[in-house]
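J.: Take a look at this one; I'll ask things after.
Where a number appears in this text, it was derived from the coordinates with a stated rule and is not lab data. Everything numeric here is computed off the predicted structure, so don't read it as measured data. Backbone-built Cβ (ideal geometry, glycine too); neighbour counts: all protein chains shown.
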Amino acid sequence: MSRTELLALGLLSMFAAGCAREAPPSEPLRAVRTVTVSASEAGGSAEFAAEVRARTETRLSFRVGGKLVQRLVEPGQQVKAGQLLASLDPQDLRLGQDSARAALAAAQSSHALAAADFKRFKELYDQGFIGAAEFERREAAMKSAQAQLDQARAQAAVQGNQAAYSSLRADVAGVVTSVDAEPGMVLAAGAPVLRLAHDGPRDVVFAVPEDQVAAIQALAATPGRFKVRPWGDAQALLPATIREVSAAADPVTRTFQVKADIGSGGSLRLGQTATVVVDLPRTVGVTKLPLSALKEEKGASHVWLVDPATMTVQLQAVDVLGADGNDAVIGAGLSPGQVVVTAGVHVLTPGQKVKFYVDPTLASAATAPTLSPVRVK
């Protein structure tokens, strides 16, 4: 073979070797944690974040307008019934009261004069010295003076009340929860000045999603289903009773507000954070799996099933009813005895071969040699 032929044969061999495609590496044999499906009970509890509020909370305001000259309370302060909370500048109101008093005094004088004239003319009428027309005129004047006196008295009473309205007092004992006005502001009648939470019953208020409102209403009829746990005190549980479920959803959060009655509230403070614990009814014959066993794919929940004969995995769609602690409650899709992967579900592929995970600690303990005692002579 000539040198040219040898060179061509070498180049052809190198080209063929370069075009050869290497075989893809086989997938690693993954060790997976598994659990065998069996029927069990589901129940447990649900928890909702809540806030402690007063059963009755009132926005207090002045019945008259004016300039706020002093506010005597601060948020969080305890007040008693009848205690002075704030006051307006009373000068104009006192002038109006003085004017009404003066008008009352004038009406009283006019009435006294008219009454005296009527008495004299009645005597003259009885003696026949005046006619009936004159007597009736004097009687009408006396009645008009009486009406003016009654009007002046009513106006004086109104002005007296107006002057008293310049002082804002607490109707009942309670706690000031917020302040809406500061001294120096000119307020219209009815403008909120502060908010007062009445002493007495307390409510725990929490929000419930739309899909759980019916369940909460159904459980509300069973005593003992609802308890309140104050924030930071896992041991204290106060009994609660559902008092009100909102008829309409919140326009922003689309949740329904629920109020639970806790009586006087014990040591709970207004505005304190708490947790409402709802004891759920127990359901027998359901399947529970760790939440780590679930895989979301195409908007549905799936699990990986292990075929013990071939040691391969396949996806299985399941119907998730809810959660029980750290477990998912499965309603349909699984049968007792099936083997489900509980960890590493996001790295598996259909048909992939796997092996069962063995705890190294248990494996080493099972294979460790047994040491026999040595007899010392």
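J.: Relative contact order for region 94-154: what is it in percent, counting Cα pairs under 8 Å that are at least 6 residues apart?
T.: Relative contact order, region 94-154: 48 percent.
J.: Just to check I understand the Karplus step: with θ = phi - 60° and J = 6.51 cos²θ - 1.76 cosθ + 1.60, what whole-Hz values come out for region 242-259, glycine and proline as x?
T.: Per-residue couplings from phi come out as 5, 9, 7, 10, 4, 7, 9, 7, 5, x, 9, 8, 6, 10, 9, 7, 10, 10 Hz.
J.: Using the eigenvalues of the Cα gyration tensor, what equivalent ellipsoid semi-axes result for region 90-165 when each is taken as the square root of five times the eigenvalue, whole Å, largest first?
T.: 36, 9, 7
J.: Taking all pairs of distinct Cα atoms, average 1/r, flip it, and tell me the Kirkwood hydrodynamic radius of region 304-352 in Å to one decimal place.
T.: The answer is 11.9 Å.
J.: Work out the charge dipole of region 90-165 with +1 on the Cβ of Lys and Arg and -1 on the Cβ of Asp and Glu about the Cα centre, then indicate which of Ala112, Val158, Gln146 is farthest towards its positive end.
T.: Of the listed residues, the answer is Val158.
J.: List the chymotrypsin sites (Phe, Trp or Tyr not before Pro) in region 68-131 that DSSP assigns to loop (not H, G, I, E or B) and whose Cβ has at most 10 other Cβ atoms within 10 Å. Which are they?
T.: Filter output for region 68-131: Phe129.
J.: Could you line up Lys80, Lys295 from fewest to most neighbouring Cβ atoms inside 10 Å?
T.: Lys80, Lys295
J.: Here's something else I'd like to know. Over 31 Å between Cα atoms: which of Lys298/Lys353; Lys227/Lys288; Lys67/Lys259; Lys80/Lys259 fall into that group?
T.: Lys67/Lys259
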